[in-house]
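Report on the structure given below.
The values are calculated or read from the model by the stated rules, or taken from the named source; none is laboratory data. Please read all numbers here as calculations on a predicted model, not as lab measurements. Cβ sites come from the backbone with ideal geometry, for glycine too, and all protein chains shown count toward neighbours.
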2 protein chains.
Amino acid sequence: MSNTTDPTKNYIPGLEGVIAVKTEISILDVEKGKIIIRGYDLIELAQKKHYTEVAHLLIKGHLPNQEEHEQFVNDLQNKGKVPSPVNELMRLLPRNTHVMDAQRTIVSFLAGFEDPEFLKDTSPEANIEKGTKILARLPYITANAYRELNGLPIIDSHPTYSFSDNFLYMILGKEPDEVSREVFDKTLTCYVEHEMPNSTFTARVIASTLSDIYGAITGAIASLKGPLHGGANEAVAYMLLEILEKGGASVAKDYVKEKLARKERIMGFGHRVYMRKYDPRAALLKDYIPQLIDRHPQGKELYEIYQIVEETMKEEKGLYPNVDYPVGLIYYLLGIPIPLFTPIFLVARTAGLVAHVTEQHANNRLFRPRVWYVGPEYRPLD
Amino acid sequence: MSNTTDPTKNYIPGLEGVIAVKTEISILDVEKGKIIIRGYDLIELAQKKHYTEVAHLLIKGHLPNQEEHEQFVNDLQNKGKVPSPVNELMRLLPRNTHVMDAQRTIVSFLAGFEDPEFLKDTSPEANIEKGTKILARLPYITANAYRELNGLPIIDSHPTYSFSDNFLYMILGKEPDEVSREVFDKTLTCYVEHEMPNSTFTARVIASTLSDIYGAITGAIASLKGPLHGGANEAVAYMLLEILEKGGASVAKDYVKEKLARKERIMGFGHRVYMRKYDPRAALLKDYIPQLIDRHPQGKELYEIYQIVEETMKEEKGLYPNVDYPVGLIYYLLGIPIPLFTPIFLVARTAGLVAHVTEQHANNRLFRPRVWYVGPEYRPLD
């Protein structure tokens with residue numbers, strides 16, 4: 001069976017190294033070790049700006065001045081209210097539902113509340129409007145889907161809190177302290193955008209059929225759920241707790257070495273694009289851990305384990321932590337339930353996804369690669 | 001801002017010509033004008049086999065013998081029953097919901113009814129089991145989401161009908177005649193698999209994170225909804241009816257020429273891969289139209305319009321019909337509501353999607369292409 005193009009020449013497993021889009025949004029500058037978002041260094045943004053300012057930069061194209069920022073924060077508050085059938089849908093979710101599957105189902109469901117013509121509208125204005133609404137609603141959806149699935153009462157949004165404070169408030173079910181709010185906001189900024197991981201690529205592939213932003217983000221949620229993608233921050237927390245249970249800091253090195261000997265993966269290390277460099281987000285967030293360790297009876301030992309695992313991975317594999325490594329411990333120390341770690345990543349990343357869908361629609365070309373057929377040769381039916 | 005690889009060399013808009021996967025499932029053999037499914041010519045399959053036999057070929061890897069076929073048909077009947085919360089979810093859907101968005105939301109919702117460990121299982125056996133269940137349930141979901149959204153009573157599956165007969169029965173709300181059943185089954189076979197269009201690519205991209213088959217198919221539904229992908233069969237029906245209303249066969253040629261002069265697209269013609277050849281599925285299905293034209297008071301004139309538009313497109317643009325062109329008229333003559341045309345395509349294609357997700361998981365590599373960054377150069381924060 002002949003391909004028109006030579007498959008041995010054009011087959012690119014995983015599309016590694018292929019440039020699939022032209023973008024003004026972001027790039028991983030591997031040589032300089034920087035994540036560039038519309039010209040700015042993500043680490044500088046995380047140090048000096050709030051998540052909502054960076055979300056504005058992504059969605060609306062520029063950093064907001066104070067007035068624009070206040071308006072955007074208000075906008076997110078006002079748009080955050082979900083139609084009441086969302087609460088009924090949350091009650092219908094089977095108890096086994098993964099929180100990411102709940103996010104996926106509810107974002108998909110929300111498309112039907114848009115006017116059909118506006119839903120189809122792929123103009124930048126319409127995408128920014130719809131995308132901001134999806135971002136605004138995700139904290140309520142995420143925190144309350146988890147609460148509903150775990151028999152906890154639904155919690156309403158805080159009347160005055162900004163986006164990330166309100167999100168943390170609904171997750172914890174109580175007003176978070178100043179340090180928690182600051183650290184949580186910075187983790188959201190670290191997750192906001194990262195060039196073109198699988199979920200962002202998924203959103204752009206779907207959007208390229210001129211399908212709407214609800215569908216594109218629904219698909220991205222499905223992608224981010226995958227263990228090779230968004231699931232690593234949860235896996236880090238489970239691993240640190242497993243080491244603690246098996247004996248703590250004194251067994252941490254052997255735990256890692258034995259896992260590696262069995263060819264098992266240690267989550268939270270390495271990245272296809274960074275390869276063997278330190279993820280700058282991991283470096284930034286690690287510094288926040290020491291001020292959180294007193295919040296947990298075993299916080300100090302967990303941090304020791306954290307450091308031993310990091311050192312061992314460097315010695316044994318030459319691999320450095322990625323962003324999910326510190327986040328796994330930080331969220332645990334903040335008292336966030338582990339099944340919410342990846343869903344929180346998705347909420348933060350939605351700002352980047354909205355930017356990518358908007359850009360794809362504004363300058364679209366359908367993604368339609370081909371295949372290398374290695375199945376049976378032509379055989380007529382009997 | 002420097003990319004590590006030269007973007008001018010590696011940028012491939014739309015991934016055109018890129019071979020993204022190695023597959024044993026299918027290929028468009030453009031030179032021979034054949035669609036090959038696991039070695040067989042899809043047109044021969046459509047002529048000689050039932051949809052469920054071809055679905056078995058795709059999902060289980062081989063054409064079934066009579067016993068295997070009967071078992072597969074029974075399996076689809078038995079697995080077709082949906083958990084009762086699905087009916088409650090259908091009642092919650094806002095009236096404006098597109099039927100494809102209903103399919104997307106409900107398939108996503110159904111993931112929560114699987115045992116969490118089985119949901120995560122990416123082995124071929126688990127994917128075939130879950131995929132067959134999704135396929136089995138989609139006719140009920142599709143027909144009844146439409147019925148619920150349009151105030152019609154929910155209809156239960158027919159107790160003895162096979163897959164496609166039952167689907168048509170639930171759509172029409174009455175027992176279909178022999179000719180309708182035959183033609184409908186053949187359209188499903190024509191839609192069952194088609195190498196790697198955007199929706200199949202979407203499913204594989206999502207699956208490559210080792211996310212589960214529910215998520216991968218949810219994403220594919222989002223893709224297939226796009227006007228550049230699955231929406232063409234609906235658009236064909238609306239166009240033929242518009243020409244009928246504007247004066248019928250006598251104005252058809254001018255209608256097309258005027259549209260082309262305004263640079264508007266005529267749906268149902270051409271295909272990026274086939275380019276300027278006749279889609280063999282369109283040739284096969286066209287022959288079924290004459291025996292259906294008496295079913296509609298204006299069926300004869302619609303068929304005349306159909307032929308004039310086809311001829312005009314050949315003369316003016318050198319473009320031939322693709323599969324959506326005859327299907328648009330056939331479904332209309334069968335009395336199927338137009339908003340169900342693309343959702344039916346999705347149901348048929350699910351067999352192919354299940355095969356692709358299974359293959360991707362069995363021999364996985366994460367899709368992670370890169371970008372050509374053309375945004376602002378690095379600028380420090382003030």
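Things worth noting here:
- Sole exception among (1) among the basic types (Lys, Arg); (2) away from chain A (no Cβ under 14 Å); (3) part of a helix (DSSP H, G or I) for B:Lys174, by number: (3)
- From the list B:Ala222, B:Ala203, B:Ala232, the lone residue that is touching a His at 6+ places or on another chain (Cβ under 6 Å) and under 14 Å from B:Leu346 (Cα atoms) is B:Ala203.
- B:Glu31 vs. criteria more than 22 Å from the chain's Cα centre (by Cα) and not assigned by TED's automatic domain parsing to the domain that holds B:Phe345: yes
- Within the span defined as segment B:111-128, one or more residues are under 13 Å from B:Val354 (Cα atoms) and either surrounded by 24 or more Cβ atoms within 10 Å (Cβ to Cβ) or among the basic types (Lys, Arg) (or both).
- Any chance A:Ser208 is within 24 Å of B:Ile217 (Cα to Cα) and over 20 Å from the mean Cα position of the chain (by Cα): yes
- For segment A:323-367, filtering for residues that are in contact with a Ser or Thr (Cβ under 8 Å, 6 or more places away or on another chain) and of a type in the set (Asp, Glu) leaves 1.
- Just one of the listed residues (B:Glu31, B:Glu44) is of a type in the set (D, E, K, R) and in a helix (DSSP H, G or I), namely B:Glu44.
- Filtering segment B:66-80 for residues that are farther than 17 Å from B:Asp165 by Cβ and touching a helix residue (DSSP H, G or I) at 6+ places or on another chain (Cβ under 6 Å) leaves an empty set.
- In this structure, A:Thr209 does not qualify as under 16 Å from A:His98 (Cβ atoms) and either β-branched (Val, Ile, Thr) or part of a helix (DSSP H, G or I) (or both).
- Filter result for A:Lys263 (without any contact (Cβ under 8 Å) to a residue 12 or more places away in the chain, of a type outside the set (Val, Ile, Thr) and away from chain B (no Cβ under 14 Å)): yes
- Residue under evaluation B:Leu149, criteria (1) within 14 Å of another protein chain (Cβ to nearest Cβ); (2) within 20 Å of the chain's Cα centre (by Cα), criterion not met: (2)
- Among the residues of segment A:372-382, those identified as in contact with an Asp or Glu (Cβ under 9 Å, 6 or more places away or on another chain) and either away from chain B (no Cβ under 11 Å) or touching a residue at least 60 places away in the same chain (Cβ under 8 Å) (or both) are A:Tyr373, A:Gly375, A:Tyr378.
- Meets criteria (more than 18 Å from the chain's Cα centre (by Cα), buried (at least 19 other Cβ atoms within 10 Å of the Cβ), of a type outside the set (Phe, Trp, Tyr) and closer than 20 Å to B:Val54 by Cα) for B:Ser157: no
- Verdict on A:Glu193 being at pLDDT 95 or above, in a loop (DSSP other than H, G, I, E, B) and surrounded by 21 or more Cβ atoms within 10 Å (Cβ to Cβ): yes
- Residue in segment B:30-37 that is surrounded by fewer than 21 Cβ atoms within 10 Å (Cβ to Cβ), at pLDDT 95 or above and not small (Gly, Ala, Ser) present: no
- Any helices (runs of 4 or more DSSP H) falling wholly within segment A:58-170 and containing at least 3 residues that are among the polar types (S, T, N, Q): A:66-79, A:99-110, A:124-149
- Segment B:174-230, residues that are without any contact (Cβ under 8 Å) to a residue 60 or more places away in the chain and of a type in the set (Ser, Thr, Tyr): B:Thr202, B:Ser211, B:Ser223
- Annotation: B:Gly248 fulfils all but one of (1) facing another protein chain (nearest Cβ under 8 Å); (2) under 26 Å from B:Pro297 (Cβ atoms); (3) not charged (D, E, K, R); the unmet one is (1).
- Segment A:14-28, residues that are over 16 Å from A:Thr202 (Cα atoms) and either at pLDDT below 95 or assigned to a strand (DSSP E or B) (or both): A:Gly17, A:Ser26, A:Ile27, A:Leu28
- Residues (more than 23 Å from B:Tyr51 (Cβ to Cβ), surrounded by fewer than 22 Cβ atoms within 10 Å (Cβ to Cβ) and either polar (S, T, N, Q) or within 7 Å of chain A (Cβ to nearest Cβ) (or both)) located in segment B:64-92: B:Ser84, B:Pro85, B:Asn87, B:Glu88, B:Leu92
- No other residue among A:Ile36, A:Ile128 is facing chain B (nearest Cβ under 10 Å), in contact with a Ser or Thr (Cβ under 9 Å, 6 or more places away or on another chain) and not basic (Lys, Arg) apart from A:Ile36.
- Boolean, B:Ser199 is under 24 Å from B:Ile338 (Cβ atoms), within 14 Å of chain A (Cβ to nearest Cβ) and of a type in the set (Ser, Thr, Tyr): yes
This table checks each residue for (1) touching a residue at least 40 places away in the same chain (Cβ under 8 Å); (2) facing another protein chain (nearest Cβ under 8 Å).
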| site | (1), (2) |
| --- | --- |
| A:Gly17 | no, yes |
| A:Lys49 | yes, yes |
| A:Val54 | yes, no |
| A:Leu110 | yes, no |
